[in-house]
Amino acid sequence: MERGERFALFVQEMEEAAPAASFEEARQLLEARLNQIEDAHSGVPYCPENWRDDGRMYPPQDDSERHSPIAGVRVFRTRGHRVSIAANGAIRITTAGTLQERIVLDKAGKDGGSCPAA
């Protein structure tokens, strides 16, 4: 399955998943869903050290965290996206590196609150 198809499947599964109640739950949800899809459809074994070359998508790592101007929101930069995760478990994924940023996923936390734009 092509990368774009896998990413679309990931977004769909994230939209359908139960909302998270905290940053930790949201990050675990994101990581579990993405790895599950990549394990099943990428044909590439999990090896984060090879993220630049192997064609597999990986969840955001701690070293990809960027400064967030918004209290309670942590921001991570991935190859083509910005992933913002709020303390209430809300997740926002936007395109990055383009002139016009586009929201790809805007998932509310368990409390119904959204993730403020960082």
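Selection within the range 32-76: residues that are of a type in the set (Lys, Arg) and out of contact with any strand residue (DSSP E or B) (no Cβ under 6 Å at 6 or more places or on another chain). The member of this set that is modelled with the highest pLDDT is ARG33.
Take the range 22-31 and flag every residue that is farther than 21 Å from THR95 by Cβ and in contact (Cβ under 8 Å) with a residue 12 or more places away in the chain.
SER22, PHE23, GLU25
Across the range 31-55, the qualifying residues are those that are part of a loop (DSSP other than H, G, I, E, B) and either of a type in the set (Val, Ile, Thr) or closer than 15 Å to HIS81 by Cβ (or both), and the one among them that is most open to solvent (accessible area, probe 1.4 Å) is TRP51. The set of residues in the range 62-105 that are farther than 12 Å from PHE23 by Cβ, open to solvent by less than 80 Å² (accessible area, probe 1.4 Å) and assigned to a strand (DSSP E or B) comprises ARG77, HIS81, ARG82, ARG92, ILE93, THR94, THR95, VAL104, LEU105. For the range 2-11, the criterion of a residue being assigned to a loop (DSSP other than H, G, I, E, B), among the β-branched types (Val, Ile, Thr) and touching a strand residue (DSSP E or B) at 6+ places or on another chain (Cβ under 9 Å) is satisfied by no position. When residues in the range 6-21 are screened for being free of Cβ contacts under 8 Å to residues at least 12 places away in the same chain and either within 14 Å of MET57 (Cβ to Cβ) or among the polar types (S, T, N, Q) (or both), 2 of them pass. Within the range 50-71, can one find any residue that is among the β-branched types (Val, Ile, Thr) and either closer than 17 Å to GLY113 by Cβ or touching a Leu at 6+ places or on another chain (Cβ under 8 Å) (or both)? Within the range 50-71, one or more residues are among the β-branched types (Val, Ile, Thr) and either closer than 17 Å to GLY113 by Cβ or touching a Leu at 6+ places or on another chain (Cβ under 8 Å) (or both).
The values are calculated or read from the model by the stated rules, or taken from the named source; none is laboratory data. Everything quoted here is computed from the prediction, not taken from an experiment. Ideal geometry is used to build each Cβ from the backbone, glycine not excepted, and the neighbour counts take in all protein chains shown. Each accessible area value is taken on the protein alone, full model and side chains, heavy atoms only, with ligands, DNA and RNA left out. Shrake-Rupley method; radii C 1.70, N 1.55, O 1.52, S 1.80 Å.
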